[in-house]
Amino acid sequence: MGYLKHRRVQHFLRTVRQQCKKCNVRLVLSRGYEVNSEGERCQGYFNQPDHRLGLEGEIRVATGGRRTADWMYTLAHEYAHFLQWMRDDPILDIGDRDYWTMEAQTEREALQICKSFKLPIPRRVLLAEHRRYMKKISKYRLA
C-alpha cells in the first residue's frame, strides 16, 4: 500500500473525489476482489447520475486482493468513462452497438490519464492490465 501515500496518487484520488462530488457521483473503493454490476462480477464500473430524477451516480472499484497498481488502473479506466460522460462524448452513444470500440477508446484514455497524472505504476503493469482487459472484451469486437 506504499502507492497510496505517494503524492501523485493522492493528487489523483483527490481530483477524482472532488470532480465526482461536484457531479453527484459517489466514489467507492470496495474491499472485495470484484464488484457487482448489473448481475455480473467485474473489477469496476461507472454509472452516470440522473439529475432529473435526483439519482446519484457511482464509480465503484474493487481493491481487495489486488495490487494497488492494478486497481488504480481500473480507477483510471472508470474515471475515463466519467470524463466521457462529463463532456458528452459521442463514444458513449455507440456503447451498446459497438462495446469493443467504446472500451478500446476508454482504455487509450485511461493510459493517458495515468501518464498525465504521472502515476507511479510501472509501464509493464499498465500494459499487462490493458492487454488483459482488451483480451477479455475481444468477444464484443465487431467483424
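Coordinate-derived values only; no laboratory data. Computed from a prediction, not measured in an experiment: that's the story for all the values here. Cβ: placed from backbone, ideal geometry, glycine included. Neighbour counts: every protein chain shown.
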Checklist outcome for this item: Flagged in the stretch 89-134 as surrounded by 15 or more Cβ atoms within 10 Å (Cβ to Cβ) and aliphatic (A, V, I, L, M), in numbering order, are ILE91, LEU92, MET102, ALA104, ALA110, LEU111, ILE113, LEU119, ILE121, VAL125, LEU126
Item to check | Cβ pairs under 8 Å, 6+ apart, first in the stretch 76-95 and more than 25 Å from ARG14 (Cβ to Cβ), second hydroxyl-bearing (Ser, Thr, Tyr) | outcome: ILE91/THR101; ILE91/THR106; ILE94/THR101
Checklist outcome for this item: Picked from the stretch 69-108 (must be part of a helix (DSSP H, G or I) and acidic (Asp, Glu)), the residue nearest to HIS130 (Cα to Cα) is GLU107
